[in-house]
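Following: one structure in structure tokens, then a few remarks.
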């Protein structure tokens, strides 16, 4: 038995784009973004919504990003800062 994959035009375009230099340049920068997203998710509770509703999720996201930015600012100045929003509930 064998299988043949029939690719649509969209799949063919994506495969061609992935071989381009533009894609390869973007892929080189992606690891930095993924590391920041991982920190938000694993260290600051952005993996689970702590409240219901879209406004609560917006607030949780804003607070998580704010805390991470504060930590980076203080770390850049040589100050250790231990902050997390994991246990804050937004109503």
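The values are calculated or read from the model by the stated rules, or taken from the named source; none is laboratory data. Please read all numbers here as calculations on a predicted model, not as lab measurements. Please note: Cβ atoms are built from the backbone with ideal geometry, for glycine as well, and neighbour counts cover all protein chains shown.
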Determine which single condition residue 46 fails, assuming it passes every other condition in (1) at pLDDT 90 or above; (2) surrounded by 10 or more Cβ atoms within 10 Å (Cβ to Cβ). (1)
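Residue by residue, here is whether (1) surrounded by 12 or more Cβ atoms within 10 Å (Cβ to Cβ); (2) modelled with pLDDT under 90; (3) over 21 Å from the mean Cα position of the chain (by Cα) holds:
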site	(1), (2), (3)
30	no, no, no
51	yes, yes, no
57	yes, yes, no
78	no, yes, yes
83	yes, yes, no
